[in-house]
Structure formats: structure tokens, C-alpha cells
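Take a look at the structure set out below.
Since every read-out is calculated from the coordinates, none of them should be taken as a lab result. All values reported here derive from a predicted model rather than from experimental measurement. We place every Cβ from the backbone using ideal geometry, glycine too, and count neighbours over all the protein chains shown.
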Amino acid sequence: MKNVFIIGGTTFDHIVYLPVLPGIHPQTIHEAPFQEGTGSTGSGKALNLTKLGVDTILYSVVGDDQYGKEIIRYLQESGVNIFYDIDPKGTERHINIMDADGKRISIFITQSSETINYSINKIEEQLGLSDIVVLNIISYCRNLIPLINKSNKPVWTDLHDYDGKNQYHTDFINAAQYIHLSSDNLSDYFSVMKQFINVGKELVICTHGKDGATLLTKTGERIDQPAILSYPMSDANGAGDSFFAGFLYGWINQQSNQRCMQMGAVCAGLCISSKMLAFEFLTPTYLEDEMQRHGF
């Protein structure tokens, strides 16, 4: 089993659930269910991969505050192997407003520093021990890209709602050979996928929410994987990271691209049926049982 090093992406999130997203008019909403807890893309990927038995370590940044302490406590109690540095600005926090279909407005109420006092020696040591690097698009991760490039390890990145031209993403795109992204802000997602392949990427996956996901490889293989719509919608937070982890789990275990896409779809479906970033009962056996139940 390969060792995966995930770099960046822990926040403390305040999540509000509404039947529909609020419109443009001033209004008072008198009642809304909510919850608080650990969020962000590094947490989601690490929780899923850990549950799937992948040897995973997460490096991230938190504040020396109650929110940072809660993030570390939760991840460690969930079995995630994590080391971290302290951000003098405090822990990054988000407010996520969710509707009944899983659509989201995400508000960054605090943000991480772009540069911190990194544990460079420990990061460099872990890069040497790892087989796969997952580089998340957090500002403080950008400064680690030269170190990651020096390690010469395969790099996966998740561009999330990239619009095809935002220069913020360029360094992360250049550093990675394997790219995930969402089609949320792309009118012609497949052209963007082909552009990535044309500049030498090994593999690109674009997720489309309820419309599934598309894979394209450097050999020209295209797979369109439908979403599994039979799972009840509880909370869509973390679904993309669950898909990423399910796919990577299959990839590590040398499954076909088709089966990796199916594993991603099942993990994403399980995630939306839960209020957690990763489905509580996810294990390799549970995933295999769900695969069989869906005819995969």
C-alpha cells in the first residue's frame, strides 16, 4: 500500500441549512438548523483515505485557539495522522450555507496566512517517505511547491471550482500531474480537461455534482461516470473530497479507471447521506459491499 502525504486544508466550519439559498433581498430567517466542526479539503481527503486503510499523513496549519485545538482533537480521535504548524492569524473559519439540493454558499470569515514559520525539515522528511503527494490549493501551500518539485513524487491536486483562467491556480496546476476539478464555473469543462492533457498531465477528472463525473487520460481514454442518486441528501459538504479519495483508493490498489470512478461515485454518495465530511461507517469492506449493491 502506497503512502499518501496530504498538504494543506483544515478549517473550522459553521454550517447553516436552508430549504433554498437566500435571495438578494434583505430578510430575517427565524429558524435554521446548523452544526459546527472540522472542515476543508485536506480534512475531507484525509478522513476518507484513513477510513479506507490508506497509509495517510496530513500536514496543515491551525491557529493557537479553541478552533485549532478542536480540529486537531477531532482529526486525531478519528485516526488521522497529522502534524501541523501554528498560524499567527488564527484558525481559518468558514460559514457554509447549504440548500436542500446540496448547493452551497461558502463565506470565508477568516483566512490563513499566506506565509508561516513552516516545519521545513519535517515536511521534507515526509516528502521523502511518501509515494503520492496531494497538494491542496491553500495559499500557504504555494510556498512549499519548490520543495515538492524537488522530491520528484507524483502530485495530485484538486482545483475545486476553477474557472479555466484564474491565475491563482497556475502554480498548483504546474506542480501536478493528476488533476481533479469541478465544472461549477466551467461552461466548456471538456475543453479545459483537454488543455490540461495537451500540456502533459497524466489524468484529469471533472466532477459535476448530480450529473456525475468525467475522466480523461493522456492516452485519450474518456469515462463518464453517472452519480449515484439513490443516496438520500443530508449534507453535500465533503462530497468532492470523498470522490477524490475513493478514486485514489482504487488507483492505489491498481484498479481500472472505470472501477476507480465507480469507487469515487460510491464514496461521494455515501458522504452526502451523512452530516460528516466522511461517511461514518466507511471501510474497504463497506465500500466493496456498496459497489456490489450497485452492480459494479
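Under a plain spin-label model, where a point goes 7 Å from the Cα along Cα-to-Cβ, how far apart in nm are residue 177 and residue 195?
2.3 nm
Using 32 Å as the Cα-Cα cut-off, could you pick out the over-long pairs in 89/275; 153/275; 201/275; 69/275; 122/210; 51/165?
153/275; 201/275; 122/210; 51/165
Stokes-Einstein at 4 °C, 1.567 mPa s, Kirkwood radius from Cα pairs: D for the stretch 159-263 in µm² s⁻¹?
Roughly 92 µm²/s, to the nearest whole number.
For the chain, what is the largest minus smallest coordinate of the Cα atoms on each principal axis, given in angstrom and ordered from greatest to least?
Cα spread of the chain along its principal axes, largest to smallest: 54, 47, 40 Å.
Return the single residue from 90, 23, 79 with maximal mean-square fluctuation; model: Gaussian network over the chain, springs between Cα atoms under 10 Å.
23
Quick check: residue separation of residue 3 and residue 168 times 0.36 nm, minus the Cα distance between them. What number comes out in nm?
Using 0.36 nm per residue and subtracting the Cα-Cα distance, I get 56.6 nm.
Return the FRET efficiency for the residue pair residue 293, residue 202: r is the Cβ-Cβ distance, R0 is 41 Å, and the value is rounded to the nearest 0.05.
After rounding to 0.05, the efficiency reads 0.85.
At a Förster distance of 30 Å, what's the computed FRET efficiency of residue 121 paired with residue 255, Cβ-Cβ distance as r, to 0.05?
That pair, residue 121 with residue 255, gives E of 0.25.
Can you give the extra length, in nm with one decimal, that the chain gains between residue 129 and residue 77 once fully stretched, where that is 0.36 nm per residue apart less the Cα-Cα distance?
16.4 nm
Can you tell me, using C-alpha contacts under 8 Å and at least 6 residues apart, the relative contact order of the chain as a whole percent?
16 percent
What do you get for Rg/Rh over the stretch 172-214 if you use C-alpha atoms and the Kirkwood form of Rh?
Rounded to two decimals, Rg over Rh is 0.96.
What are the residues whose amide H is under 5 Å from the amide H of residue 3, where those residues sit 5 or more places off or on another chain and H is modelled from the backbone?
131, 132
Treat the count of other C-beta atoms within 10 Å as a stand-in for reagent exposure and order 41, 170, 214 from fewest to most.
170, 214, 41
Given a cut-off of under 8 Å on Cα pairs at least six residues apart, what relative contact order in percent is computed for the stretch 1-79?
Relative contact order here is 44 percent.
Just from its helices, what would the mean residue ellipticity at 222 nm be for the chain, if runs of 4 or more DSSP H residues each count -39500 (n - 2.57) and the sum is divided by every residue, rounded to the nearest 500 deg cm²/dmol?
Counting only the DSSP helices, I get -9500 deg cm²/dmol.
Please state the relative contact order of the stretch 175-240 as a whole percent: Cα pairs under 8 Å, 6+ residues apart?
Here the relative contact order equals 25 percent.
Using amide H atoms built 1.01 Å from N in the peptide plane, name the residues 5+ places from residue 81, or on other chains, whose amide H lies under 5 Å from its own.
Residues meeting the criterion, in which the H sits 1.01 Å from N, are 58.
Return the Rg/Rh ratio of the stretch 1-96 with Cα-based radii and a Kirkwood Rh.
1.08
Go through 47, 15, 96 and say which Cα lies farthest out towards the positive end of the charge dipole of the stretch 1-108; charges sit on Cβ, +1 for Lys and Arg, -1 for Asp and Glu.
47
Please report the net charge: other residues with Cβ closer than 14 Å to the Cβ of residue 259, K and R +1, D and E -1.
Value of the local net charge: -3.
Taking K and R as +1 and D and E as -1, what net charge do the other residues with C-beta under 14 Å from the C-beta of residue 44 add up to?
Around residue 44, the surrounding residues sum to -1.
First select every other residue whose beta carbon is under 10 angstrom from the beta carbon of residue 226; then total the charges, Lys and Arg +1, Asp and Glu -1.
The answer is -1.
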